[in-house]
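> The structure under discussion is supplied below as structure tokens; questions concerning it will follow.
The values are calculated or read from the model by the stated rules, or taken from the named source; none is laboratory data. Remember, it's a predicted structure, so these values are computed and weren't measured experimentally. Note that we place each Cβ from the backbone using ideal geometry, even for glycine, and neighbour counts take in every protein chain shown.
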Amino acid sequence: AEYSKIPERQVLKASNLRLYAVTDSGLNKRWQRSAVEAVRSAIKGGATMVQLRVKEAETLDFFKEAVSCVEVAKHSRIPIVINDRVDIAMACGADGVHLGQSDLPARQARMLLGSDKIIGVSCQTLEQVQKAYEDGADYVGSGAVFPTTTKKINSAIGLEHLYALCRGSPLPVVAIGGINASNVKEVLRERPSTLHGVAVISALFDQPDVCKATQELAEIISDVFNS
Ligand code: TZP
Ligand code: MG
């Protein structure tokens with residue numbers, strides 16, 4: 001992989017981005033599951049990385065959830081990153097943080113977290129990808145590839161734009177937004193060398209059986225990568 005050229009940041013392996021499970025506090029509430037149950041089921045089903053994404057929670061509640069999720073993920077040796085909050089990522093011992101364009105810049109997050117932690121940045125343009133790279137990010141999340149109701153988005157970028165971002169990206173890319181078992185093959189139809197997998201929320205967590213949904217998606221993704 002491209003980023004193996006940066007020796008001090010080998011905590012993230014390309015294969016970790018294959019099936020990246022992103023939790024959603026709203027969906028957990030709707031399905032009456034705790035974040036830790038959601039994370040445990042996704043890991044059991046074959047998720048290769050986890051992001052704890054908590055919106056509109058008190059800091060203490062977010063922190064406590066993060067501590068339990070980190071424990072589960074560490075036990076399974078699956079990297080876990082915290083959405084938005086560098087402070088919580090540091091405090092709970094997570095493997096890193098995932099930042100949006102309105103969060104702390106990756107450069108400052110890197111100064112706070114040091115060189116051993118994973119930093120991901122959501123990017124919609126090549127300029128943002130380039131900046132994330134220069135700031136010391138480890139990977140880029142690009143999307144929303146397709147329309148989604150999980151998050152308010154301006155517009156979906158579509159597959160051609162995703163592939164163009166991947167071709168211009170010095171960092172590994174994970175595609176996100178509206179991806180599920182029915183369209184994941186289509187997303188991975190073209191595989192620029194930097195496109196390492198997909199990140200999903202509702203395809204795993206807006207389902208009655210998270211473990212089964214993860215297994216089904218994981219199976220399709222392995223078929224694609226092994227073909
Ligand atoms: N960033 C871009 S789209 C999105 C995020 C967090 C939501 C993805 O959710 P889903 O349910 O997999 O479409
Ligand atoms: Mg964010």
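> Looking at PRO79, is it more than 12 Å from ligand 1 (Cβ to nearest atom), of a type outside the set (A, V, I, L, M), within 30 Å of ALA213 (Cα to Cα) and touching a Phe, Trp or Tyr at 6+ places or on another chain (Cβ under 6 Å)?
no
> Could you tell me whether TYR133 is more than 15 Å from the chain's Cα centre (by Cα), over 22 Å from LYS44 (Cβ atoms) and aromatic (Phe, Trp, Tyr)? Even if it seems obvious, please write down each step before you answer.
Numbers: more than 15 Å from the chain's Cα centre (by Cα): yes; over 22 Å from LYS44 (Cβ atoms): yes; aromatic (Phe, Trp, Tyr): yes.
The answer is yes for TYR133.
> I need the helices (runs of 4 or more DSSP H) fully contained in the stretch 1-120, keeping only those with at least 2 residues that are at pLDDT 95 or above, of a type in the set (D, E, K, R) and closer than 30 Å to VAL187 by Cα.
Because the criterion is at least 2 residues that are at pLDDT 95 or above, of a type in the set (D, E, K, R) and closer than 30 Å to VAL187 by Cα, the helices (runs of 4 or more DSSP H) in the stretch 1-120 that meet it are 25-30, 35-45.
> Say whether the condition of being within 16 Å of ligand 1 (Cβ to nearest atom) and buried (at least 22 other Cβ atoms within 10 Å of the Cβ) is met by at least one residue in the stretch 54-69.
Yes.
> Ok, one more. Say whether the condition of being out of contact with any Pro (no Cβ under 7 Å at 6 or more places or on another chain) and not in a loop (DSSP other than H, G, I, E, B) is met by at least one residue in the stretch 141-153.
Within the stretch 141-153, one or more residues are out of contact with any Pro (no Cβ under 7 Å at 6 or more places or on another chain) and not in a loop (DSSP other than H, G, I, E, B).
> Just checking, which of VAL121, VAL140 is of a type in the set (Val, Ile, Thr) and touching a Cys at 6+ places or on another chain (Cβ under 7 Å)? Can you show your working first?
Values: VAL121 fails: touching a Cys at 6+ places or on another chain (Cβ under 7 Å).
Only one candidate qualifies: VAL140.
> What number of residues within the stretch 77-87 are away from ligand 2 (no atom under 12 Å from the Cβ) and either surrounded by fewer than 24 Cβ atoms within 10 Å (Cβ to Cβ) or within 16 Å of ILE176 (Cβ to Cβ) (or both)?
Summing the residues that are away from ligand 2 (no atom under 12 Å from the Cβ) and either surrounded by fewer than 24 Cβ atoms within 10 Å (Cβ to Cβ) or within 16 Å of ILE176 (Cβ to Cβ) (or both) in the stretch 77-87 gives 4.
> Moving on to the next point. Please verify whether the stretch 98-118 includes one or more residues that are within 16 Å of ligand 1 (Cβ to nearest atom), buried (at least 24 other Cβ atoms within 10 Å of the Cβ) and under 15 Å from the mean Cα position of the chain (by Cα).
The answer is yes; a qualifying residue exists.
> Give the residue that is nearest to ligand 2 (Cβ to nearest atom), with candidates limited to residues of the stretch 167-217 that are among the small types (Gly, Ala, Ser), outside any loop (DSSP other than H, G, I, E, B) and more than 23 Å from ASP138 (Cα to Cα).
Checking each candidate, the answer is SER202.
> In this structure, is SER227 modelled with pLDDT under 95, more than 12 Å from LEU19 (Cα to Cα) and of a type in the set (Gly, Ala, Ser)? It would help to see each step written out before you state the result.
On the way: modelled with pLDDT under 95: yes; more than 12 Å from LEU19 (Cα to Cα): yes; of a type in the set (Gly, Ala, Ser): yes.
The answer is yes for SER227.
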